[in-house]
Every structure is written in structure tokens, then in C-alpha cells.
Amino acid sequence: MKPNEIRAALLLQDVRPTEIANRLQVSRAAVSSVIGGNLKSARIQEAIANIIGKKIEEIWPGMAA
């Protein structure tokens, strides 16, 4: 998925990246970097995948941590 598609899918679930950062006690920048595909973090990827109901591999093909 493209970063904008991931952000849109999160918004459809009424979840903002800031909320994910707060839940996981990570920076907003870390969540944004994972969404953009610039950072690998299994914990953040798993949280996003669970929220939007997709497998990590579907969201970030070849980028799973």
C-alpha cells in the first residue's frame, strides 16, 4: 500500500498516527516513518495492520520487519 492509502485506511477506522504513537509509547515521527516505508518496526507495523485489518505483508510487501 502507498503511504496515503495507509493513512486513509487508518482514518476510516477513526485512528490517527498520533494515537498509535501514544499507545505504543513511540514518537509520532517513528509511526510516520513506518507508514512511509522508511523505517521497519515490527511492533508499529503490527499495530497498524491490526487496526486496518490487513496482513503486514499486504501493507508493506517485502518490508516486513
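Just name one of I6, Q25, G36: the one whose Cα is farthest towards the positive end of the charge dipole of the chain (beta-carbon charges, Lys/Arg +1, Asp/Glu -1).
Farthest along the dipole direction, towards plus: Q25.
In whole percent, how big is the carbon plus sulfur part of the accessible area of the chain, probe 1.4 Å, protein atoms only?
Values: 1950 of 3980 Å².
Result for the chain: 49 percent of the exposed heavy-atom area is carbon or sulfur.
With every protein chain kept in place and ligands, DNA and RNA left out, what is the accessible area per residue of the chain? Probe 1.4 Å, answer in Å². If you can, show how the numbers build up before the last one.
Details: 3980 Å² over 65 residues.
Ligands and nucleic acids excluded, the result is 61 Å² per residue.
Would you mind giving the three semi-axes, in whole Å and largest first, of the ellipsoid equivalent to the chain according to its Cα gyration tensor?
On the way: eigenvalues 46, 37, 21 Å².
Those come to 15, 14, 10 Å.
The values are calculated or read from the model by the stated rules, or taken from the named source; none is laboratory data. Nothing here was measured: the structure is a model prediction, and the numbers come from that model. Cβ coordinates were reconstructed from backbone atoms using ideal geometry, including for glycine residues, and neighbour counts include every protein chain displayed. Quick note on the areas: whole protein, heavy atoms, side chains included, nothing else; ligands and nucleic acids left out. Shrake-Rupley method; radii C 1.70, N 1.55, O 1.52, S 1.80 Å.
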